[in-house]
1. Which residues, taken from segment 53-82, are exposed (fewer than 15 other Cβ atoms within 10 Å of the Cβ), free of Cβ contacts under 8 Å to residues at least 24 places away in the same chain and either outside any helix (DSSP H, G or I) or over 22 Å from the mean Cα position of the chain (by Cα) (or both)?
2. Any idea which residue in segment 216-269 is nearest to residue 204 (Cα to Cα), counting only those that are outside any loop (DSSP other than H, G, I, E, B) and free of Cβ contacts under 8 Å to residues at least 40 places away in the same chain?
3. Within segment 159-168, is there a residue that is free of Cβ contacts under 8 Å to residues at least 12 places away in the same chain, surrounded by fewer than 18 Cβ atoms within 10 Å (Cβ to Cβ) and either out of contact with any strand residue (DSSP E or B) (no Cβ under 9 Å at 6 or more places or on another chain) or not assigned by TED's automatic domain parsing to the domain that holds residue 58 (or both)?
4. Quick one: residue 156 ticks every box in (1) closer than 18 Å to residue 179 by Cβ; (2) not in a helix (DSSP H, G or I) bar one, so which box is it?
5. Out of all the residues in segment 83-110, which are in a helix (DSSP H, G or I) and surrounded by 15 or more Cβ atoms within 10 Å (Cβ to Cβ)?
6. Filter segment 194-215 down to the residues that are exposed (fewer than 15 other Cβ atoms within 10 Å of the Cβ) and assigned to a loop (DSSP other than H, G, I, E, B) and list them by number.
7. Go through (1) more than 24 Å from residue 253 (Cβ to Cβ); (2) within 23 Å of the chain's Cα centre (by Cα) and name the single condition residue 185 misses.
């Protein structure tokens, strides 16, 4: 966490320069994000900031200033938007600081939407206006005709997801991950998780030395999971993901298990 805070601090000193855990994500720019309202970066995840920087660099050669229309949202603010009939999901990743609605100077929303779609890295929504929605959840895309915000798509934890802090890890670190898009608490995570390597189960790892079911009572507790990278080093230079199984589910509609985003471990520079 120390490097994350340092990166945000550097941003507010320099306005156009930041270091949001440089080199830790599959998609990142040159660390110089041009943005007209820097205060909107508060609460956003380093992964999302790096992705915004990447898109700005690729689509405008770093020249198209970004204006964030909506970044982090408190649960209360998000619910107020829903009551107003706005396109705000019950399990919105804005609640986790993992989503932003924004415009980019000189680049149409349609072009941004189409470019982000082909990356197959994230969630991107286009409502045929000047802005797009971008998040660091599972790969998917939609527009105003296919958005399912006001359906029951996210009730009973049906869209629950696991995301790691970084995409790229090094020896000596902890693999930190969190559970997002939960709409009902409490729920339980089975203490033993499966480490998948290139899509196949490689090994099983326990999260702690307590019982077989770890109960998660709220969003804060869903951010506290870690696995020492030392337990994964003998897997070689491969692509990994974490398969998490649930116990004590609040509803039968909640999935029995989920798969995290992919990540890699770099053992040589």
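The values are calculated or read from the model by the stated rules, or taken from the named source; none is laboratory data. As the structure is a prediction and not an experimental result, all values here were calculated from the model. Virtual Cβ from ideal backbone geometry, glycine too; neighbours counted across all protein chains shown.
1. Listed by number, the residues that qualify are 61, 74, 80.
2. Filtering segment 216-269 for residues outside any loop (DSSP other than H, G, I, E, B) gives 216, 221-223, 225-231, 233-235, 239-247, 257-259, 263-265.
Next, from what is left, pick out any that are free of Cβ contacts under 8 Å to residues at least 40 places away in the same chain: 216, 221, 231, 234, 257.
Numbers: 216: 21, 221: 22, 231: 10, 234: 13, 257: 14 Å.
Step by step, filter segment 216-269, then rank; the result is 231.
3. No, segment 159-168 contains no residue that is free of Cβ contacts under 8 Å to residues at least 12 places away in the same chain, surrounded by fewer than 18 Cβ atoms within 10 Å (Cβ to Cβ) and either out of contact with any strand residue (DSSP E or B) (no Cβ under 9 Å at 6 or more places or on another chain) or not assigned by TED's automatic domain parsing to the domain that holds residue 58 (or both).
4. Evaluating residue 156 over (1) closer than 18 Å to residue 179 by Cβ; (2) not in a helix (DSSP H, G or I) leaves (2) as the failure.
5. 93, 94, 95, 96, 109
6. 198, 199, 208, 209, 210, 211, 212
7. It is condition (1) that residue 185 fails.
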